[in-house]
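Student: Mind having a look at this structure? Questions to follow.
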Amino acid sequence: MGKMICLMGKSSSGKDTIYKHLMEDPRLSLRPIVPYTTRPIRAGEQNGVEYFFTDEAGFHRLQSAGRIIEERTYRTVHGLWRYFTVADEQLDLTAADYCLIGTLEAYRSLRDYYGSDRVLPVLIELDDGERLSRALARERAQQHPRYEEMCRRFLADSQDFSETRIKGAGITKRFRNDELESCLEAIYTYIMQENSSTDK
């Protein structure tokens, strides 16, 4: 049986970069789980790569079919944006290990669905000032910057990743992303240790 690595962290903490490096690490041989979203596609994104982009009708079709494992809905200044994981043909834990980016709620839903021995939490942390600087630089690069939504997301992170919620999710280990290479090596060591303990 395979494992599912669930990367989590506040916005602009480096999750996307860490995800990319983990997926490219030949020692791990991870497969992607591409989530779905109803938010608009951003400059530089490709459908089926960062997300499968759909609309509200598409979300409800999948929900009616019983194929949504977990979902999060955000009331943004641009309307409802949904992010969700779908039980589709890309996912088979009997054949491989996988990696995805999610939230604490997503992690808990995946853990409850697949079992705590199959879903491994990886919580990324970074100084708030550095996160805000990164978020602003990313938004400036967009053709149509959404600064209001950037600020809303940044403030919402304090609640979404509160100490109470982290503790409630049973997460005891965190990874500081001050220096990318050392953070990646710490995550690799953690994954290998967890795989070893599960296989015993």
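The values are calculated or read from the model by the stated rules, or taken from the named source; none is laboratory data. Bear in mind that the values here come from a model prediction, so they are computed numbers and not experimental data. Neighbour counts run over all protein chains shown; Cβ positions are idealised from the backbone, glycine included. Areas reflect the complete protein model, heavy atoms only, side chains present, ligands, DNA and RNA absent. Shrake-Rupley method; radii C 1.70, N 1.55, O 1.52, S 1.80 Å.
Student: Looking only at the range 26-41, filter to residues that are of a type outside the set (A, V, I, L, M, F, W, C) and open to solvent by 80 Å² or more (accessible area, probe 1.4 Å); which one of those is nearest to THR103 (Cα to Cα)?
Tutor: Here is the first cut: in the range 26-41, the ones of a type outside the set (A, V, I, L, M, F, W, C) are 26-27, 29, 31-32, 35-40.
Still in the running and open to solvent by 80 Å² or more (accessible area, probe 1.4 Å): 26-27, 29, 31.
Numbers: PRO26: 26, ARG27: 25, SER29: 23, ARG31: 19 Å.
That would be ARG31.
Student: May I ask you to say which residue of ILE171, ILE166 is in contact (Cβ under 8 Å) with a residue 60 or more places away in the chain, touching a strand residue (DSSP E or B) at 6+ places or on another chain (Cβ under 6 Å) and surrounded by 12 or more Cβ atoms within 10 Å (Cβ to Cβ)?
Tutor: Working: ILE166 fails: touching a strand residue (DSSP E or B) at 6+ places or on another chain (Cβ under 6 Å).
Step by step, each of ILE171, ILE166 is checked, and only ILE171 is in contact (Cβ under 8 Å) with a residue 60 or more places away in the chain, touching a strand residue (DSSP E or B) at 6+ places or on another chain (Cβ under 6 Å) and surrounded by 12 or more Cβ atoms within 10 Å (Cβ to Cβ).
Student: If a residue must be over 16 Å from ARG75 (Cβ atoms) and surrounded by 15 or more Cβ atoms within 10 Å (Cβ to Cβ), how many such residues does the range 143-161 contain?
Tutor: As a first pass, look at the range 143-161 and keep what is over 16 Å from ARG75 (Cβ atoms): 143-145, 147, 158, 161.
From the residues that got through so far, the ones that are surrounded by 15 or more Cβ atoms within 10 Å (Cβ to Cβ) too are 161.
Residues that pass the stated criteria total 1.
Student: So which residues in the range 180-196 are modelled with pLDDT of 95 or more and among the acidic types (Asp, Glu)?
Tutor: GLU181, GLU185
One line per residue, one yes/no per condition, for (1) under 17 Å from the mean Cα position of the chain (by Cα); (2) open to solvent by 20 Å² or more (accessible area, probe 1.4 Å); (3) within 24 Å of TYR188 (Cα to Cα):
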site: TYR98; (1), (2), (3): yes, no, yes
site: GLY102; (1), (2), (3): yes, no, yes
site: TYR114; (1), (2), (3): yes, yes, yes
site: PRO121; (1), (2), (3): yes, no, yes
site: ASP127; (1), (2), (3): no, yes, yes
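Student: I need the full set of residues from the range 82-120 which are touching a Phe, Trp or Tyr at 6+ places or on another chain (Cβ under 9 Å) and either of a type in the set (Val, Ile, Thr) or assigned to a strand (DSSP E or B) (or both), in order please.
Tutor: Residues satisfying the conditions are ARG82, TYR83, PHE84, THR85, VAL86, CYS99, LEU100, ILE101, THR103, VAL119, LEU120.
Student: Quick check, is ASP178 of a type in the set (Asp, Glu) and over 18 Å from the mean Cα position of the chain (by Cα)? Step through it out loud before you land on a result.
Tutor: Numbers: of a type in the set (Asp, Glu): yes; over 18 Å from the mean Cα position of the chain (by Cα): yes.
In short, yes.
Student: Here are ARG75, ARG140: which of them is within 25 Å of CYS151 (Cα to Cα), loosely packed, with under 13 Cβ neighbours inside 10 Å and modelled with pLDDT under 90?
Tutor: Numbers: ARG140 fails: modelled with pLDDT under 90.
Just one listed residue meets the conditions, ARG75.
Student: Show the residue pairs that are 6+ apart or on different chains and have beta-carbon atoms under 8 Å apart, the first residue being within the range 88-113 and under 17 Å from SER13 (Cβ atoms), the second being open to solvent by 70 Å² or more (accessible area, probe 1.4 Å).
Tutor: Cβ pairs passing all conditions: CYS99/ARG31; ILE101/ASP16; LEU104/ARG165.
Student: Further, regarding this structure: Quick one: is GLN46 without any contact (Cβ under 8 Å) to a residue 24 or more places away in the chain, open to solvent by 60 Å² or more (accessible area, probe 1.4 Å) and closer than 21 Å to LEU110 by Cβ?
Tutor: no
Student: Here is a further query. When you scan the range 50-60, how many residues do you find that are open to solvent by 60 Å² or more (accessible area, probe 1.4 Å) and in contact with a Lys or Arg (Cβ under 9 Å, 6 or more places away or on another chain)? Walk me through it before giving the result.
Tutor: Going residue by residue through the range 50-60, those that are open to solvent by 60 Å² or more (accessible area, probe 1.4 Å) are 50, 52, 55-56, 60.
Add one more test, that the residue is in contact with a Lys or Arg (Cβ under 9 Å, 6 or more places away or on another chain), and what stays is 50, 56.
Residues that pass the stated criteria total 2.
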